[in-house]
Amino acid sequence: MESTVDHMAKYLLAIEQETRDRCVVNLNVDGTYANVLKGCYVKCFEFAVFSCGLEPKSHAYFLAPALRGICEDFIALSYLQGKKSLNERNELLKNRMLLLVFEAAAKQQAFFQKRRAFQPVFSSKPKVEPPKTMLPPTRNMASEVALEDMYDFMYAITSDVVHFNPRVIIRNAWSKDRERFDHSVNNFDVYYADFCQTYGIYFLCLFARAFQPELMFSSAYMDTATKLEAWLDEKLRWPEAVTFEEMNVEGPAEVLRIVMKMARQSSGGKA
């Protein structure tokens, strides 16, 4: 029997060709903003496809941090789309690119000088300092476009994986006899796979809706996005940052979740 995730993967594969066709970059026409937008969209799409193919014991834990970048892509592009002219978007992104290149070059030079002094690395300083008018911090951009709740949630859940976090390390330990615990990131693999699949499709749908005017997706493409959104809406539970299970607290029974979902829908709100 085909799983719902397999079904979603078929929807994604059905729109893959149009995704790639719409995201081809023409250097004679596209500016930096269009180039970055198309690259970010393809990255989000490929993440969604890949996450839907995750098998049991796939080490999905290591994939989860990528959603932090996808979230920040969406926030920054939404900020640029709503707040800046096309010329301003292009200039801001070009300046941002220059700054990041030279910052990374300086940091790698310091590392290699200390750890591998024999290895040549790119090192240079800009002939002209990039303008100081740069993109605001991501959290500030999120607030500007009313996405701070999204940023805070994704920051919390992905930082658990990226940063030193004793809670998450201990959560990954599992035991059958409650005396000897085995550590492995695979012990929480079902959770992280669901996290990647759910929020991978969630961000893809957000991207498609927000940037359809620029990417000019067909009505058939957007119909598929609607089907993906329906799958998300039908899920009784999206992965949380802190779960009932890890806190040893009994969560709501499935029947109660269904009743709460139906009540929310009958009141006119989304599930």
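The values are calculated or read from the model by the stated rules, or taken from the named source; none is laboratory data. None of the values given here were measured: they were computed from a predicted structure. We place every Cβ from the backbone using ideal geometry, glycine too, and count neighbours over all the protein chains shown. Heads up: the accessible areas ignore ligands, DNA and RNA and are worked out on the full protein's heavy atoms, side chains in. Shrake-Rupley method; radii C 1.70, N 1.55, O 1.52, S 1.80 Å.
Got a sec to turn the phi values of the range 206-223 into Karplus ³J(HN,Hα) couplings, 6.51 cos²θ - 1.76 cosθ + 1.60 with θ = phi - 60°, whole Hz, x for Gly and Pro?
4, 4, 4, 5, 5, 10, 4, x, 6, 8, 6, 5, 6, 5, 5, 4, 6, 5
For the range 1-139, give the magnitude of the charge dipole about the Cα centre (Cβ charges: +1 Lys/Arg, -1 Asp/Glu; no others), in debye to the nearest 20.
It works out to roughly 880 debye.
Using +1 at the C-beta of Lys and Arg and -1 at the C-beta of Asp and Glu, which of V42, A14, V29 has the Cα lying farthest in the positive direction of the dipole of the range 1-42?
V29
Could you go through the range 158-164 in sequence order and give the Karplus-derived ³J(HN,Hα) for each residue, using 6.51 cos²θ - 1.76 cosθ + 1.60 with θ = phi - 60°, rounded to whole Hz, and x for Gly and Pro?
Listing the rounded values in order: 7, 5, 4, 8, 6, 9, 4 Hz.
Summing Lys, Arg as +1 and Asp, Glu as -1, what charge do residues with Cβ under 13 Å from the Cβ of V185 carry, V185 excluded?
Around V185, the charge tally is -1.
What three numbers, in Å, describe the spread of the alpha carbons of the range 1-108 along their principal axes, ordered from the longest?
Cα extents, longest axis first: 51, 34, 24 Å.
Heavy atoms only, probe 1.4 Å: what % of the accessible area of the range 162-231 goes to carbon and sulfur, would you let me know?
59
What full-extension length gain, to one decimal in nm, is calculated for E179 and K114 as 0.36 nm per residue of separation minus the Cα-Cα distance?
19.0 nm
Could you sort the peptides 23-29, 52-58, 101-107 by per-residue average Cβ neighbour count (10 Å cutoff), highest mean leading?
Answer by packing, highest mean first, reads 52-58, 101-107, 23-29.
Can you work out the accessible area per residue across the range 199-271, with the rest of the protein chains kept in place, probe 1.4 Å, in square angstrom?
Per residue, the range 199-271 has an accessible area of 58 Å².
How large is ³J(HN,Hα) for each residue in the range 62-79, as worked out from phi by the Karplus curve 6.51 cos²θ - 1.76 cosθ + 1.60 (θ = phi - 60°), to whole Hz, x for Gly and Pro?
Those phi angles translate into 6, 8, 3, x, 4, 5, 4, x, 5, 4, 5, 4, 5, 5, 5, 5, 5, 4 Hz.
Out of the total accessible area of the range 8-156 (probe 1.4 Å, heavy atoms of protein only), what percent is carbon and sulfur?
Taking all protein chains in place, the range 8-156 shows 56 percent carbon and sulfur surface.
Mind checking the dipole of the range 153-221: about its Cα centre, +1 per Lys or Arg Cβ, -1 per Asp or Glu Cβ, Debye to the nearest 20?
In total the dipole reaches around 140 debye.
Report the Cα centroid-to-centroid distance between the range 1-44 and the range 78-110 in angstrom, as an integer.
One Cα centre to the other: 23 Å.
Relative contact order (percent) for the range 128-271, with alpha-carbon contacts under 8 angstrom and 6 or more residues of separation?
Worked out over the range 128-271, it gives 16 percent.
Could you point to the residue in P252, Y155, Q212 farthest towards the positive end of the range 134-271's charge dipole, with +1 and -1 charges on the Cβ of Lys/Arg and Asp/Glu respectively?
Among P252, Y155, Q212, the one farthest towards the positive end of the dipole of the range 134-271 is P252.
Under the Kirkwood approximation applied to all pairs of distinct alpha-carbon atoms, what is the hydrodynamic radius of the range 138-240 in Å?
16.4
Explain nothing, just the number: dipole magnitude of the chain about its Cα centre with +1 on each Lys and Arg Cβ and -1 on each Asp and Glu Cβ, in debye rounded to the nearest 20.
1060
Can you give the Kirkwood hydrodynamic radius of the chain from its Cα pairs, in Å with one decimal?
Taking the inverse mean of 1/r over all distinct Cα pairs, the chain comes out at 21.4 Å.
When ligands, DNA and RNA are left out and all protein chains stay put, how many square angstrom of accessible area per residue does the range 62-130 have with a 1.4 Å probe?
66
So what's the net charge close to A106: Lys and Arg +1, Asp and Glu -1, counting the other residues with Cβ under 14 Å from its Cβ?
+1
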